Amino acid sequence: MLRWRTCTSKHFRWSSPVAQGLILCTLTFGVILPICCHRLLYSYYFLKPLYLDSLSNAALQESYERGQEALRFWENAASTKTTNDALEMIIKKPDLLVTVVTTRRSEGKDYHYLLQVAQQLKTLLKTCGNKACAEVMLCDVERGPALNEDALLLEKEFLVVRRSPDELLQGREVSDIFEREKQDYVFCLRKGWDMMKPKNVVVLEDDAFPLTNFFPSVKNLLSRKFAFNSLYIKLYHPERLQRYWNPEPYRILEWIGLGVFGATILLLLLLHCTPLSFTFSPAHFLFLALYIMVVAELAGRHYLLEFRRLSPQLYAVCPATECCTPAMLYPGNASIRVAEYLDQAVCAQGNAKDMVLYRIARSTPGEKAHSVEPNLIKHIGAYSSVRTNPNPPRLI
Ligand SMILES: CC(=O)N[C@H]1[C@@H](OP(=O)(O)OP(=O)(O)OC[C@H]2O[C@@H](n3ccc(=O)[nH]c3=O)[C@H](O)[C@@H]2O)O[C@H](CO)[C@H](O)[C@@H]1O
């Protein structure tokens with residue numbers, strides 16, 4: 001025993017760089033990060049068994065209350081507005097058309113997703129000043145026989161378009177829900193283009209709740225050169241898929257860049273702001289870079305992305321990621337190109353319109369697709385209208 005102790009103390013000194021590195025890692029990964037991150041949904045430290053249910057229930061409750069508030073707001077608005085002047089006020093060739101694709105929801109209808117989104121759009125449009133920053137069109141793709149009551153309630157405020165009875169008859173035989181969803185999307189893209197010839201189009205699904213900086217950020221994206229070489233720009237990617245270890249080549253580069261940047265800052269701080277005598281070596285630098293990278297990944301890249309919200313200029317644009325289409329920006333005439341591409345594909349389970357679109361952008365010469373980070377919308381749809389829902393729905 002005595003011999004072992006002498007041996008260890010001979011090879012292991014607390015002041016050695018290896019010991020200091022070990023202490024730093026133990027403190028960071030074993031104490032500080034678990035304390036700070038155990039309630040963060042998108043962190044590796046999130047204690048799912050303890051907090052997932054309470055966080056999910058709180059989110060559901062919050063959405064329910066916002067839905068009920070939106071319902072009261074729009075019922076009130078509908079009863080005080082006498083004429084339906086939405087149609088007369090259509091502006092031809094607007095700079096931006098926001099189309100909201102909506103259908104009646106049987107599950108989760110009390111959350112009134114469409115009414116929440118419409119109320120938020122109305123609020124955000126008011127902040128644009130004299131010149132409206134966008135025209136809004138609601139595309140009600142409900143095929144009946146029951147009506148989409150939320151869309152009906154909004155008719156006095158927004159332009160609401162629907163299929164004609166003939167078009168509805170033609171679409172009756174489509175039984176696959178994913179093919180139907182795609183056809184509905186194509187219908188809305190075409191309708192917006194035919195009615196207004198907009199300069200740019202954003203298509204929102206009816207559970208895509210625009211965040212406060214939505215319009216300034218879209219405007220900023222459209223002012224950048226890359227936008228007009230894009231078939232589409234995704235404005236949302238699920239938070240759970242934003243990790244570095246969800247390999248996307250550009251993310252790995254961002255991760256390494258973050259490590260190098262963080263290590264440089266740490267080394268400068270150590271050299272200039274502490275009384276420690278410190279000899280710099282490439283091994284120190286490598287260690288600190290890896291340390292920063294692991295901290296960022298374990299704490300959650302999602303939270304780092306939030307810092308970019310400080311200004312629209314800080315939003316990152318990267319090659320498009322695969323999943324989901326709740327909020328899409330189609331610059332120039334891209335919306336009509338997308339309608340044509342989608343028309344040629346057949347959708348089914350496992351090959352929904354988001355996957356088809358992603359593959360089209362990758363395989364068609366001359367077409368490029370991008371994603372923006374962080375998200376410009378919040379996905380509020382806890383209940384899907386195309387898939388079976390877990391009961392009760394959970395956040396992840
Ligand atoms: C957040 C998220 O991951 N959302 C994706 C998920 O939607 P979800 O599974 O979340 O379905 P959802 O209920 O949000 O519906 C998506 C959109 O399809 C519309 N709709 C629905 C039924 C129908 O017959 N016709 C129709 O047009 C509906 O109004 C909504 O605008 O999967 C879809 C593909 O299947 C899309 O990739 C969605 O972006």
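The values are calculated or read from the model by the stated rules, or taken from the named source; none is laboratory data. Everything numeric in this text was worked out from a predicted model, so none of it was measured. Ideal geometry is used to build each Cβ from the backbone, glycine not excepted, and the neighbour counts take in all protein chains shown. Surface accessibility is based on the protein's heavy atoms, side chains included, excluding ligands, DNA and RNA. Shrake-Rupley method; radii C 1.70, N 1.55, O 1.52, S 1.80 Å.
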Could you please find all residues in the stretch 309-330 being surrounded by fewer than 21 Cβ atoms within 10 Å (Cβ to Cβ) and more than 14 Å from the chain's Cα centre (by Cα)?
310, 311, 312, 313, 314, 319
Taking the options 391, 375, name whichever one is of a type in the set (S, T, N, Q), open to solvent by 20 Å² or more (accessible area, probe 1.4 Å), outside any helix (DSSP H, G or I) and more than 9 Å from the ligand (Cβ to nearest atom).
391
Taking the stretch 218-239 and keeping residues open to solvent by less than 10 Å² (accessible area, probe 1.4 Å) and closer than 12 Å to residue 331 by Cα leaves 218, 221, 227, 230, 231, 232, 233, 234
Residue that is nearest to residue 236 (Cα to Cα) [pool: residues in the stretch 330-357 that are in contact with a Ser or Thr (Cβ under 8 Å, 6 or more places away or on another chain) and not small (Gly, Ala, Ser)]:
354
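Give, as residue ranges, the helices (runs of 4 or more DSSP H) completely inside the stretch 223-336 that count at least 1 residues that are in contact with a Cys (Cβ under 8 Å, 6 or more places away or on another chain).
Details: elements: 249-273, 282-299, 301-305.
Helices (runs of 4 or more DSSP H) meeting the threshold: 249-273, 282-299.
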Looking at the stretch 268-286, I want the residues that are of a type outside the set (A, V, I, L, M, F, W, C) and have a partner that is in a helix (DSSP H, G or I) and modelled with pLDDT of 85 or more with Cβ atoms under 8 Å, at least 6 apart or on another chain. Which pairs are those?
284/267
Options 226, 214: the member that is of a type in the set (A, V, I, L, M, F, W, C), under 13 Å from the mean Cα position of the chain (by Cα) and away from the ligand (no atom under 16 Å from the Cβ):
214
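Residue by residue, here is whether (1) surrounded by 13 or more Cβ atoms within 10 Å (Cβ to Cβ); (2) more than 10 Å from the ligand (Cβ to nearest atom); (3) farther than 30 Å from residue 43 by Cα; (4) more than 21 Å from the chain's Cα centre (by Cα) holds:
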{"residue": "341", "(1), (2), (3), (4)": "yes, yes, yes, yes"}
{"residue": "345", "(1), (2), (3), (4)": "yes, yes, yes, yes"}
{"residue": "365", "(1), (2), (3), (4)": "no, yes, yes, yes"}
{"residue": "369", "(1), (2), (3), (4)": "yes, yes, no, no"}
Within the stretch 27-54, residues surrounded by 15 or more Cβ atoms within 10 Å (Cβ to Cβ) and aliphatic (A, V, I, L, M) come out as 33, 40, 41, 52
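Please enumerate the residues belonging to the stretch 89-121 that are closer than 12 Å to residue 63 by Cβ and touching a residue at least 60 places away in the same chain (Cβ under 8 Å).
Of the residues in the stretch 89-121, the ones closer than 12 Å to residue 63 by Cβ are 108, 110-113, 115-117.
Once the filter is applied, which keeps residues that are closer than 12 Å to residue 63 by Cβ and touching a residue at least 60 places away in the same chain (Cβ under 8 Å), the stretch 89-121 yields 108, 111, 113, 116, 117.
Of the residues that sit in the stretch 321-334 and are at pLDDT 95 or above and farther than 21 Å from residue 380 by Cβ, which one is nearest to the ligand (Cβ to nearest atom)? Even if it seems obvious, please write down each step before you answer.
So in the stretch 321-334, the residues at pLDDT 95 or above come out as 324-334.
Imposing the further condition that a residue be farther than 21 Å from residue 380 by Cβ reduces the set to 330-334.
On the way: 330: 15, 331: 19, 332: 22, 333: 22, 334: 17 Å.
The selected residue is 330.
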Unique match (being surrounded by 10 or more Cβ atoms within 10 Å (Cβ to Cβ) and more than 30 Å from residue 47 (Cβ to Cβ)) among 302, 272, 284:
284
Restricted to the stretch 240-252 and to residues being in contact (Cβ under 8 Å) with a residue 60 or more places away in the chain and within 16 Å of the ligand (Cβ to nearest atom), the residue most open to solvent (accessible area, probe 1.4 Å) is 240
Return yes when residue 124 is assigned to a helix (DSSP H, G or I), touching a residue at least 12 places away in the same chain (Cβ under 8 Å) and touching a Leu at 6+ places or on another chain (Cβ under 7 Å) and no when it is not.
no
Please go through the stretch 109-141 and pick out each residue that is among the acidic types (Asp, Glu) and open to solvent by less than 40 Å² (accessible area, probe 1.4 Å).
135, 140
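Does residue 359 fit the bill of being in a helix (DSSP H, G or I), without any contact (Cβ under 8 Å) to a residue 24 or more places away in the chain and within 14 Å of the ligand (Cβ to nearest atom)? Give the steps one after another, and end with the answer.
Numbers: in a helix (DSSP H, G or I): yes; without any contact (Cβ under 8 Å) to a residue 24 or more places away in the chain: yes; within 14 Å of the ligand (Cβ to nearest atom): yes.
So residue 359 passes the test.
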